[in-house]
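Report on the following structure.
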Amino acid sequence: AAAAATLALTAAPSGAITGGAPDGEGHPNVGMIVFYDDGGRYRCSATLVDPDTLITAAHCVAGAGYTALTFDSVIAEQPPSGLPVAADPAAGYTEDEITSAGYYAGIAVAHPDYSDFTDLKNWYDVAVVHLTEPVAGIEPATIAPEGFLEAYRPAKILNKTIFELVGYGTEVRKADSGPQKPTPMSYPLIRRVAYSPGQKMTDQIVQMNGNINDTRGTGGTCFGDSGGPSFLGGYLVTVTSYGYTENCRYLGGYQRVDIPGVQSWLESEGVTTG
């Protein structure tokens, strides 16, 4: 996860949705996952797609062991976060540490062809988290069927298409004091939603314009939103993968989940697709 820092959308606990608004209970199937990697604790976003399975980004969890999950819309308005702490950070969470803290526990599996941002034609920045017990009372999101986004590939269509983005953290904003340059803030730690227009599509990714000054949308994604979903037409169509700037006010990149290489792997992991 730390290796992705230069691409702006890492699992590191920093900011999240740029612009947009608090989600409240708008997307109860979008949760926050917390995990340890190389002794550090990180967070990302993820979506329930089956009662016992989440979908997220591979760069979030490629080195993780047990992963903690919460669907609370508001985690913390001010520090401390209250997130569970591992007794041995080098070893990461145990299942008991997670469940005794009131969180769901799961084990993450990254796509076997995840290229760690080295191969644009074989990105595969997608992973699943298999929970140790199913989630009750929350309706899973529906993953788009294979090829769903192809109808939106032409630029004249994609640029008019608005995607709904969801993730955890805080908006990019000016600090309460000191330098007034908009920067990612760590608190409040909440689930947020924003809307971004499409900008470019490849066989692996969709780029979207997350600039809050773009009148077609309301913002984009930033640190901590990694692995979170974008929705279109009632389907989960991408997971948040990368960004271009440190203040997250430009383009964002999103891993498509409707492509054959992702769909066949999800099915092999027992995940239901559209």
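Gain on full extension, evaluated as 0.36 nm per residue between E150 and N122 minus their Cα-Cα distance, stands at 8.3 nm. Put F71, F35 in order of accessible area, highest first, and with a 1.4 Å probe you get F71, F35. Projecting the Cα atoms of G106, I162, G92 onto the dipole axis of segment 92-166, where Lys and Arg carry +1 and Asp and Glu carry -1 at the beta carbon, places I162 farthest toward the positive end. With the cut-off at under 20 Å, measuring from each backbone N in segment 130-160 to a point 7 Å along the Cα-to-Cβ line of R216 picks out 148-160. Would you kindly derive the ³J(HN,Hα) couplings of segment 256-270 from the backbone phi angles with the Karplus curve 6.51 cos²θ - 1.76 cosθ + 1.60 (θ = phi - 60°), listing them in order in whole Hz, with x for Gly and Pro? For segment 256-270, the Karplus-derived couplings read 5, 10, 9, 8, x, x, 7, 4, 5, 5, 4, 5, 5, 8, x Hz, x marking Gly and Pro. A cut-off of 5 Å between modelled amide H atoms, ignoring neighbours fewer than 5 places along the same chain, links V193 with A21, D23.
Label sites at Q78 and A101, each approximated as a point 7 angstrom past Cα along Cα to Cβ, lie 2.2 nm apart.
The values are calculated or read from the model by the stated rules, or taken from the named source; none is laboratory data. Predicted, not measured: the structure shown is a model, and the values here were computed from it. When we count neighbours, we look across all protein chains shown, and the Cβ atoms used for this are built from the backbone with ideal geometry, even at glycine. Protein only, heavy atoms only, side chains kept; ligands, DNA and RNA dropped before computing areas. Shrake-Rupley method; radii C 1.70, N 1.55, O 1.52, S 1.80 Å.
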